[in-house]
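Structure record follows, encoded as structure tokens.
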């Protein structure tokens, strides 16, 4: 088993190094193929591990080698394969495999094809380290590693110039990449602090040792650790107010968006909360957990509201990701960790599918993402249309697709915990989700054809790409059916992840489900009436409405990026300038120079004493002598 | 009775006279004279201290001072002559060439 | 090879003297050979070093002025060992990567002398010998900046020299006073640092002496507000000068704290934690902001190196083994990373004769190798895990968290602010469209440049993944140092503050 | 009693003579008064029992140094009054007066007196010259030899400095002579 762990971990790494060998040469198709095969091997290893765990229930724990040890601090590269990590491993490696194969087709014409695969495989490696590590610092390695890979991949098309925010809300790939990295770094500081708190209070960073110590810690320590770790999670999972980078990260190539910014990396924050579930289920941190749930619900609603008016295909999906992450946090905050994890997995499948479908559209439309320029693409791209519709149905949460089961469980949890306000918000958000995802489907694939007039000639993606996407499509449909068995599987890990609805909720479950379905269907119907019809009732752009206050507010993301720019970026730049030109050069260095200038000036002034006339010197000497004598006399008198 | 302080006072007065000379005169030769006055004043003090403390060290110092003064005059006068040859004057105001 | 340390110190100097008679064309080959032999010797030192022992090894002592207790007294422990190796390594690599330089023979000779003084500082166990090498190191550096520097070189070199010289004079006064106290207590003169360690000084004496030493070391580090010489020195120095300055010379200051201030004045050190921490914080945050405002790439790195030195200072005063080991490790990491960054900037400067970011943009497409290596060093500089930069920074912050969580959180912003200014450099230099015509003709790194950088890249990753071989000896010496400080401390506050690692207690 | 009289007499005379040395415009007067002052100072030495020092004073100062001065003066225009731009007299007398005042105050108030101890006491029943000889050739042997060497060096230096181009006249302008010679040569050529 141990060898399988190493295979799952290092196969992507080998793939990355292999691709890096060709990183600076021209496109070689086998690079993509080799990388994909290696990721596939990682998937097979993960799946075998998962199967083994399911059958035997033996958690595999290995320690590779020491890493840092100083003083009493000691941490090593150790990996654990338990129910939580194996779920993530399987999901990550599966989606990665699909995305790798997809990217062979998608990046076909890119001259940096090899480099792309190197980055992408490196990302998978980092993600594997993140999920498999058995200590917080190992998790942090992966955490930062995925951050860097995300930076590299978002900024993959680094040659694009900066644009004004009005023309392109993300400005440029390199700008978006830097934004993502820096925002994540802010959160990482929180995470580091959490690690410090845990280390100094428990003397270890191993999950099992830390969690064993938890009952003996004071409330303040627990709260501090929980808050700090959650700040870390907020950055990676793009929770408010650190969310702006996620939509900007859509500047990266679409496979990247699918893999990193939908299926895997952004869920790392949720994963962290789930991983640290013994901490978050402590009674002392109930407040923090409730805050997590509330923030999650808020973000779910907030992101969905912005998606309502967005015209950019990828940004809509990004908002929906944000919104679904909110759901996951809501579940995790309310203590239903396994439901959150389940939603995470289901979401990974259908969201990756949705993104890859979006990538197909983008490929067909020559990188045009404006929904208003599409319409009735269905006739050209039947396969993509089916995939995207499936994914949207799953996202909207209609039975029997994956999204329904997991999302419904989350909403039910909110009801079960008697947090009816959260429940209401989540239900409403479910309706909005259905609306905007179908708005996007209808605007692109249905209604009047608007693209021919603009000179687009869309064509369907390569066959093999569509075939490669099929596992995701299948999973988007069937995942939900295995919710029961998954529950049995994950319950083995211990009491802290177990969550059961109360009898009362159970009783009402069907009605609650119906309410959610009702909202979702309403959303879809509204979207249909407004966007999907042809002929006279076809959708027309309403310029006047776009000037409305709410429309503009939503369109500009509640002016949050603008706010950051005006109140953080610009003042920081200004302050830096002031520190440099005014404080450092004028005051600090000025003081030093003025000391030097004082001596120089003193020399310059007293230079006139140096007349060259001995008589003058003698006079000065006499003055000095008299002074010294006087001092001697006075001091002798005093002394 | 004449005490040590008498001698020291007379030495101080003579020293001051020498100092006045040093400050006042511009002619190098006169400066030398003034220096001699100061040296002699100090010698008195040394001799007096030596006497009143029953210690020969003072006299030794005076002795060496005289030796130094002799060498100083020998070298100094040589320099004066060279200077005079060069500038035709011994006035300090004419010799100020090292203006800073 | 009992006297390996003396060989390490004097071999470059002797070779430098011989260098005067070497032909001009073969001067560089000669210099690189000498530096390589020196580096191998330092590796030999590591090889024969007993990593389990925490004390001084390879000790040599030859009395020079027995009446005054001045002797040629050298030795190395886990803390100095790796700084010595880094010194020889960076000299070798800096020399090997050197491009076309005028008066190359003089440069080689100067560098070899500089190497002698630097190693001398790190091995000296006698205060006078230490001071001697400390001051001597100024001369070659002054010469390097003043003779091969940019347009403002005279101003920069004089500022560098006078500033550090003033500081070290105050330090000298402190040293003489310690020797005087030693004399008045024991009746014999001694300048041996190991003898001084045995002195138990009253707290007020400790404070004054700490202040005297502090000024000398702080200017060298350079701590805020004594840092203003460094942007000029870096800005005007030739590449090799900046590399040595950032990699080694700045470490002399922090090394001085470890060698003198901490063990000699434990109580004063504990009392100084807060002021030093505040200054370090200002260093970290303020210079990081200034780095962000720079237009010149080299200045960004110069200020960033001040910011990183703030982290090192913070770790030194964490008073626990985690922070102190991390700090010493960070010295190595900063030496290698900032040295490499300065070399990289030097390489682009050689091609374009400008260091202004506005002149560049989109370089990644014409110079991919350069961009990759720069990227690796950038990531190490911002402290990415699995690079050398993370280990030290993490341990320092971890260690200092025990002292003060608030200060640690503010200091931790360095991981954010560091990313802010470094990514800005990356964006404006390597990313974006390739607009400038002159940049389109740029050639990627040649073989000499690539092969002088690859060892550094390898070390950055090796020590990031497996720091143990280096961290372990450092940690042993640090634990011993803390034990010693704890025993020697007079006040209860200091004893409480100095935290001896549990593992080292068990050994006792 | 005779000591008191001698002291005050010598004091008055030396002060007067030295004042003349310092103030006089005529070098000759100054030098004469300086020489007389020196003689009187040796008188102080005799009063103080420092016979040897007194004799040395007479021989070296009055004999050698003053002779040197008088020889040196022959090079210069000794009879002419010296014209000097004197420094601001108030400053001079202020400084001189202050020095005198402070010194007198310091010596009159016997603050240092207790701190001085006799290190090499004079032997009872031994004459002054003998004492001096013993101390000079034991403890102060090295300084004595150094002083001797110094005098030798000074002598050589004096000879070399003063002896340069002794054949040239110091008072007459040699360059003027040169010009005259040249002019006559030109005249010769014209003819």
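Some values worked out for this structure:
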| quantity | calculated |
| --- | --- |
| FRET efficiency estimate (nearest 0.05) - Cβ-Cβ, residue B:93 to residue C:204, R0 56 angstrom | 0.50 |
| Fraction of beta bridges assigned by DSSP in the protein assembly as shown that are antiparallel (%, nearest 5) | 95 |
| Alpha-carbon spread of the protein assembly as shown, three principal axes, descending order, Å | 141, 94, 62 |
| Helix C:104-123 axis, angle to chain C major axis (alpha carbon atoms, nearest 10°) | 30 |
| Using a Förster distance of 60 Å, the FRET efficiency for residue A:200-residue A:368 (Cβ separation, nearest 0.05) | 0.65 |
| Cα-based radius of gyration of chain C once divided by 2.2 N^0.38 Å, which approximates compact folds | 0.93 |
| Highest-first arrangement of A:399-408, C:2-11, D:134-143, where packing means the average Cβ count within 10 Å | A:399-408, C:2-11, D:134-143 |
| Prolate/oblate/rounded label for region C:62-117 (Cα gyration tensor, a/c 1.5) | oblate |
| Pairwise centroid distance, computed over Cα atoms, of region C:193-237 with region A:565-639, Å | 23 |
| Distance from region B:39-94 to region A:8-22 (C-alpha centre basis), Å | 92 |
| Taking region C:272-508 and dividing mean pair separation by its residue count, relative contact order in percent (alpha carbons under 8 Å, at least six apart) | 27 |
| Label-point separation, residue A:609 to residue A:386 (7 Å along Cα→Cβ), nm | 10.1 |
| Simple spin-label estimate for residue C:443 and residue A:220 in nanometres, 7 Å along Cα-Cβ | 6.4 |
| Net length gained if the chain between residue A:620 and residue A:533 were fully extended (0.36 nm per residue, minus Cα distance) | 20.8 nm |
| The protein assembly as shown: calculated mean residue ellipticity at 222 nm from DSSP helix runs of at least 4, using -39500 (n - 2.57) | -23500 deg cm²/dmol |
| Along each principal axis, Cα extent of region C:328-416, largest first, Å | 47, 23, 20 |
| Rotationally averaged projected area of region C:23-151 (alpha carbon convex hull; nm²) | 9.2 |
| Two-site FRET efficiency, residue A:526 against residue A:578, from Cβ-Cβ distance with R₀ of 51 Å, rounded to 0.05 | 0.45 |
| Peptide-level mean, for A:608-620, of C-beta atoms on other protein chains within 10 Å | 6 |
| Distance from region C:423-464 to region C:12-28 (C-alpha centre basis), Å | 32 |
| Modelled label reach - residue C:44, point 7 Å along Cα→Cβ, region C:65-93 residues with backbone N closer than 18 Å | C:75-76, C:81-82, C:84-89, C:92 |
| Principal axis dimensions, region A:424-523 - Cα atoms, whole angstrom, descending | 59, 34, 19 |
| Where N is the number of residues in region C:272-508, Cα Rg divided by 2.2 N^0.38 Å | 1.12 |
| For region D:1-81, alpha-carbon Rg and Dmax in angstrom | 14.0, 46 |
| Cα-projected label distance for residue C:147 with residue A:213, points at 7 Å along beta-carbon direction, nm | 5.7 |
| Calculated log₁₀ intensity ratio I(q)/I(0) where the Debye formula runs over C-alpha points of chain A, q = 0.06, 0.08, 0.11 Å⁻¹ | -0.37, -0.58, -1.06 |
| Partner chain coverage, peptide D:141-154 - average Cβ within 10 angstrom | 3 |
| Partner chain coverage, peptide D:129-136 - average Cβ within 10 angstrom | 2 |
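Since every read-out is calculated from the coordinates, none of them should be taken as a lab result. Bear in mind the structure is a predicted one, so any value in this text is a computation, not a measurement. Cβ atoms come from the backbone with ideal geometry, glycine included; neighbour counts cover every protein chain shown.
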